[in-house]
Amino acid sequence: MSVSSWSGSVVAWQQELDTLKQRLGLVFARRELRASASAFLDGLLSGVERKTGWLMAEQAGLESPYRMQSLLGRSQWDADTLRDVVRAYAVEALGDADGVLVVDETGFLKKGTHSVGVARQYSGTAGRIENCQVGVFLAYASRFGQTLIDRQLYLPKDWSESQARRAAAHIPQQQAFATKPTIAAKLIAATLDAGVPCAWVLADALYGSDSKLRRMLEGRGQPYCLAVRSNHCLRFVREQHVEQTDPETMAAELEPEAWSSHAAGEGAKGLRLYDWARIPLSSRPDGQWERWLLIRRSRREPDARAYYFVFAPAGTELSELAGAAGLRWTVEECFQRAKDDLGLDHCEARSWHAWNRHMTLVMAAAAFLAKLGADLRRAATGKPNERSPNPPIAA
């Protein structure tokens, strides 16, 4: 094997991009729309610093941004249909029985008040309350790579309850207010219904603290490892009384021998080693499933801990739980690449449909890059690109 074969210098990326464009083209009924979508995708993948209509029009050799703006706004095509194509393409590239779904939200800072969903709200991107939009996203990650596969804009109540703002932003009437965990449950359920292979569902404490989301996953027999806050209230029935506690208190009562060291994936400086322990959350025997409180402890600062609710097949090893918990970082890598390189946060359009269209086209570009990376990994290991062991993804 030569260096060029595994380094990527001879990857037939243009051929792969043409193949993707053909698949995406089925969503666009008119030839002009297919050409505009192709040019938009080229612009997202180009070195243009800002992925705006004007700059990408210049990149495509167009005299005005009309076609780029029309693609997001006035034209007739369905962003959810395109999302289904992108998801199927991504899972064909990355799909694996040990793959995971990771849900998280990200913010898009805005200066005005007219962009759909914009409000003074907390943005994890800024780390504080800002004037921004917030989108809930779903990523898929496996040994072959990771990419975003679904999205939904969070609508604050000021937007969902204002008919004037809804009309101005063309928000569909059926789009009611929904909390972020409710949105996450919808995205996860739709993805599982589509047959995407998934060993674990992962999320941060905003979602892990939501009992409805956990019950939905348990009802489907879907393992999860969801972060939870240290002070989350837990109640246990002890004979004739109810005992109330929290994850931090439970962890503090563990004996030293309860902890063992496992890696939580590989970071920039090598394997990320932590101490781990788990405590059963149910006294009722279940031959099929187990529920745990999983604790991660820094080896350098023992008081620095993270907590997770786990729903796992009976007999699952602690090392498997640690490995699953450590994969939540993959969605952050998806956001970083999509924003830094592909313009996820460069959307200038104000309407509901335009936001969904922009995000889905960026997801297509990200899936293309993930596919190239997956092909390189398979070439390096000699593993052919086999179809997922699960049923084909529903389009």
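Which of (i) -0.64; (ii) -0.72; (iii) -0.88 is the computed log10 I(q)/I(0) by the Debye sum over Cα atoms at q = 0.10 Å⁻¹ for the structure on display? Here the calculated entry is (ii).
Based on DSSP H runs of at least 4 residues, each adding -39500 (n - 2.57), what is the mean residue ellipticity at 222 nm of the chain after dividing by all its residues, to the nearest 500 deg cm²/dmol? Show your work: numbers first, answer last.
Numbers: 15 runs with 156 residues, N = 395.
One gets -11500 deg cm²/dmol as the mean residue ellipticity at 222 nm.
Between helix 13-25 and the chain, what is the angle of the helix's C-alpha long axis to the longest principal axis, kept within 0 to 90° and rounded to the nearest 10? The angle comes out at about 90 degrees. The residue among T249, Y122, S298 whose Cα reaches farthest toward the positive pole of the charge dipole of the chain, with charges on the beta-carbon of Lys, Arg, Asp and Glu, is Y122.
With everything on Cα atoms, drop me the angle between helix 79-94 and the longest principal axis of the chain, reported from 0 to 90° to the nearest 10. Its long axis makes an angle of about 60 degrees.
About its Cα centre, how strong a charge dipole does the chain have in debye, to the nearest 20, once Lys and Arg get +1 and Asp and Glu get -1 at the Cβ? Intermediate results must be reported in sequence, preceding the final value.
Details: 49 positive and 46 negative charges, 194 e Å.
That gives the chain a dipole magnitude of about 940 debye.
Looking at segment 28-61, the GluC sites (Glu not before Pro) that sit in a DSSP loop and have at most 14 other Cβ atoms within 10 Å of their own Cβ are E49. Just report the Cα centroid separation between segment 33-107 and segment 237-304, whole Å. Segment 33-107 and segment 237-304 have Cα centres separated by 41 Å.
Computing the accessible area with a 1.4 Å probe over protein heavy atoms, can you report the carbon and sulfur percentage for the chain?
Values: 9420 of 19470 Å².
Carbon with sulfur: 48 percent of the solvent-accessible area.
Put simply, the amide H of E290, placed in the peptide plane, has neighbours under 5 Å in A312, A314, leaving out anything fewer than 5 places away on its chain.
How many Å² of accessible area per residue for the chain, probe 1.4 Å? Intermediate values should be presented prior to the final figure.
Values: 19470 Å² over 395 residues.
Per-residue accessible area for the chain comes out at 49 Å².
Placing K111, K21, K186 in order of accessible area, with the largest value first and a 1.4 Å probe, yields K111, K186, K21.
The values are calculated or read from the model by the stated rules, or taken from the named source; none is laboratory data. Computed from a prediction, not measured in an experiment: that's the story for all the values here. Don't worry about glycine lacking a Cβ; one is built from the backbone with ideal geometry, like all the others, and counts go over all protein chains shown. Heavy atoms of the whole protein, side chains included, go into the accessibility calculation; ligands, DNA and RNA do not. Shrake-Rupley method; radii C 1.70, N 1.55, O 1.52, S 1.80 Å.
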